[in-house]
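What follows draws every value from the coordinates through simple rules; no lab data is involved. Here the structure is a predicted model, which means the values were calculated and not measured. Note that we place each Cβ from the backbone using ideal geometry, even for glycine, and neighbour counts take in every protein chain shown.
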């Protein structure tokens, strides 16, 4: 993925944040920003629970992304959510994304309610 913002969080505190390219691998995340984060926090991670937080659309404000999401939902109407999401995220992430958001991937876009669109919007940040 390109143009991703990744943050490492521990105890509610952001330890480090990077912007750039990353990959999802069978063993986890990899790529330039992940390697950079690893180097920056390696001394702080001993025995701590860490959270990797991703912002998939850091160039857009929440309002801009909300408008884009609503346009895509309207545009795709009777088509399934998983088809619409191909316009917004890599295909390989769709199943994980809808699962994280608690939305059925085969639900028709025209049936998405306000709560579900909010869940999707929040899933990007």
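Given springs between every Cα pair under 10 Å in a Gaussian network model of the chain, which of 82, 38, 55 has the largest fluctuation?
Ranking 82, 38, 55 by mean-square fluctuation puts 38 first.
Just need the relative contact order of the chain here, percent rounded to a whole number, with Cα pairs under 8 Å and 6+ apart. Intermediate results must be reported in sequence, preceding the final value.
Values: 163 pairs, mean separation 29.1, N = 125.
Relative contact order of the chain: 23 percent.
What whole number of Å gives the distance from the Cα centroid of region 67-92 to the Cα centroid of region 1-23?
When both Cα centres are located, 25 Å separates them.
Output the relative contact order of region 62-123, whole-number percent, from Cα pairs under 8 angstrom with separation of 6+ residues.
RCO, region 62-123: 42 percent.
Can you compute the modelled spin-label distance between residue 7 and residue 105, with each label point 7 Å from Cα toward Cβ, in nm?
2.8
State the volume of the convex hull built on the alpha-carbon positions of region 62-123, expressed per residue in Å³ and rounded to an integer.
69
Let me test this: with uniform point scatterers at the alpha carbons of region 4-55, what is the Debye-based log₁₀ I(q)/I(0) at q = 0.29 1/Å?
-1.24
Regarding region 1-100, what's the average projected area of the Cα-atom convex hull, expressed in nm²? Mind dumping the intermediate values first?
On the way: hull surface 29.1 nm².
Computing the convex hull of the Cα atoms and averaging its projections yields 7.3 nm².
Full-extension gain between residue 87 and residue 40, please, as 0.36 nm times their residue separation minus the C-alpha to C-alpha distance.
Length difference between fully extended and current span is 13.6 nm.
Rounded to the nearest 500 deg cm²/dmol, what is the calculated helix-only ellipticity per residue at 222 nm for the chain, with -39500 (n - 2.57) per DSSP H run of length n ≥ 4? Don't jump to the answer; show the numbers that get you there.
Numbers: 5 runs with 48 residues, N = 125.
Calculated at 222 nm, the ellipticity per residue is -11000 deg cm²/dmol.
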